[in-house]
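**Student:** The structure's right below; bear with me while I get my questions together.
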Amino acid sequence: MKLAAIDIGSNAIRLQVTTTLPSKKGEKKPVFKKLEYVRFPLRLGHDVFTINEISEKNRIKFKKLMRAFRLLLDLYEVDDYFACATSAMREAKNGRVLANEVYSEIGLKINIIDGDREALLINDVINAYLDEKTYLHIDVGGGSTELNLYTKGEKISAKSFKIGSVRRLEHLDSPEIWEEMRAWVKESIKKSYGEVTAIGTGGNINKIYDLSHKKSGKTLSLKKVKEIQGMLKSYTNTERISILQLNPDRADVIIPASDIYISVMEWAKSDAIMIPDVGLKDGILLHLYKKNTNPINISDVNQ
């Protein structure tokens, strides 16, 4: 079975096509073999967070990209796909109009989801990394940050905040929202939960892990994250591209994104962050797999 996930974010748009393989012996979760992965740096958040709509220039680019994705879905003969748009398109005045145009002109259905459903999609893939301890999942996107608190393997609290890497880059993150996020972390984490380990998802924390050159494990200390941020700040944006080989649309947002991870970890008194290298697209693929193999009693994220 071939499945495809389309993640329409505020900083970039991704398509992943996979085929499912039999589960490994003793494991229940499916194995997804990647057939195609495309990441296109179309920063819809720049438009939406400044002028409240997607510009005509980016509307044209977006439709061209969706046509390319539609062709890839057809060429790979994908059995099922799910395309979801997050904060940029859901906040754009013309976001739903654009989604409707894409469906009528190209035949590609785009689901504009809220922060809660975004967190729900990621929830299943994060569960594989949890045990009885307390974890704070920090998912930083271009336009929003989703926080999910787990203890004893259960999610006990969650909230989405309008703070993201692109928003912060554009100086559109208000002090009030920062204070609201700080207060939520402080109020949600009880002393009885014990030590809190952060779990980080998002392209920027994955790149920070890569820059750490850590060869084993998937955990970084808060001290190490701060060290890498300091190193990044010592380079100009051009140097981050030429010397560190960061993509242009990563080089300028990685420092604003690291501010968010570091702040939340400090508020939670978390000394370490796990970086499992999973995200929304992985949650979409798992949702599609469950939908197509066991459609009974599965929540419908399309609604």
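**Student:** How large is the charge dipole for the chain, taken about the Cα centre, if only the Cβ atoms of Lys, Arg (+1) and Asp, Glu (-1) carry charge, to the nearest 20 debye? It would help to have the intermediate numbers written out before the result.
**Tutor:** Numbers: 47 positive and 40 negative charges, 136 e Å.
Approximately 660 debye in magnitude.
**Student:** Once you sort the root eigenvalues of the Cα gyration tensor of the stretch 46-142 as a ≥ b ≥ c, which label holds: rounded (a/c under 1.5), prolate (a/b larger than b/c) or oblate (the other case)? The partial results should precede the final answer.
**Tutor:** Numbers: a/c = 2.84, a/b = 1.43, b/c = 1.99.
It comes out oblate by the Cα gyration axes.
**Student:** Could you order peptides 238-246, 62-70 by the average number of other Cβ atoms within 10 Å of their residues, highest first?
**Tutor:** Top of the packing list down: 62-70, 238-246.
**Student:** While we're looking at this one, here's another question. Does anything in the stretch 182-198 have its amide N under 18 Å from the 7 Å Cα→Cβ label point of residue 132, and if so which residues?
**Tutor:** 192-197, by backbone N distance to the label point.
**Student:** Tell me, what is the FRET efficiency for residue 259 and residue 97 to the nearest 0.05, using R0 = 45 angstrom and their Cβ-Cβ distance as r? Working shown, then result.
**Tutor:** Numbers: r = 34 Å, r/R0 = 0.75.
Efficiency, rounded to the nearest 0.05: 0.85.
**Student:** Here's a follow-up. Ranked highest first by average number of other Cβ atoms within 10 Å, how do 197-206, 139-148, 32-41 line up? Don't skip to the end; give the middle numbers.
**Tutor:** Numbers: 197-206: 23.8, 139-148: 26.3, 32-41: 13.8.
Per-residue mean Cβ counts within 10 Å order the peptides as 139-148, 197-206, 32-41.
**Student:** Grab the Cα-Cα distance for residue 186 and residue 206, subtract it from 0.36 nm times how many residues apart they are, and report the gain in nm with one decimal.
**Tutor:** Numbers: separation 20, 0.36 × 20 = 7.20 nm, distance 2.56 nm.
Gain in length upon complete extension: 4.6 nm.
**Student:** Still on this structure: Which FRET efficiency value, to the nearest 0.05, do you get for residue 290 and residue 40 by plugging their Cβ-Cβ distance into 1/(1 + (r/R0)^6) with R0 = 30 Å? Mind dumping the intermediate values first?
**Tutor:** On the way: r = 28 Å, r/R0 = 0.92.
That pair, residue 290 with residue 40, gives E of 0.60.
**Student:** Once Lys and Arg get +1 and Asp and Glu get -1 on their Cβ, which of 51, 76, 232 lies farthest toward the positive end of the dipole of the chain?
**Tutor:** Going by the Cα projections, it comes out as 76.
**Student:** State whether the stretch 54-105 is rounded, prolate or oblate according to the following rule on the C-alpha gyration tensor (a ≥ b ≥ c being the square roots of its eigenvalues): a/c under 1.5 gives rounded; otherwise a/b larger than b/c gives prolate, and the remaining case gives oblate. Present the calculation step by step, with values, prior to reporting the outcome.
**Tutor:** Details: a/c = 2.45, a/b = 1.71, b/c = 1.44.
In terms of gyration-tensor shape, prolate.
**Student:** Shifting gears a bit: Based on DSSP H runs of at least 4 residues, each adding -39500 (n - 2.57), what is the mean residue ellipticity at 222 nm of the chain after dividing by all its residues, to the nearest 500 deg cm²/dmol?
**Tutor:** Values: 13 runs with 138 residues, N = 303.
Taking each H run of at least 4 residues, the total per residue is -13500 deg cm²/dmol.
**Student:** Using a/c under 1.5 as the rounded threshold, could you call the stretch 171-262 rounded, prolate or oblate? The axes a ≥ b ≥ c are square roots of the C-alpha gyration tensor eigenvalues, and prolate needs a/b larger than b/c, oblate otherwise. The partial results should precede the final answer.
**Tutor:** Values: a/c = 2.78, a/b = 1.43, b/c = 1.94.
Oblate.
**Student:** Moving on. Assuming R0 = 22 Å, can you tell me the calculated FRET efficiency for the pair residue 215 and residue 235, based on Cβ-Cβ distance, to the nearest 0.05?
**Tutor:** On the way: r = 23 Å, r/R0 = 1.06.
After rounding, the FRET efficiency stands at 0.40.
**Student:** Something else now. Strictly over 24 Å apart at the Cα level, which of 64/207; 224/269; 33/61; 155/290; 215/269 would you flag in this model? Each step should come with its number before you reach the end.
**Tutor:** Values: 64/207 28 Å; 224/269 15 Å; 33/61 29 Å; 155/290 20 Å; 215/269 26 Å.
From 64/207; 224/269; 33/61; 155/290; 215/269, over 24 Å: 64/207; 33/61; 215/269.
Only the coordinates and a few stated rules stand behind these numbers; no lab work does. Since the structure is predicted, the reported quantities are computational estimates derived from the model, not experimental observations. Reconstructed Cβ throughout: ideal geometry from the backbone, glycine too, with neighbour counts over all protein chains shown.
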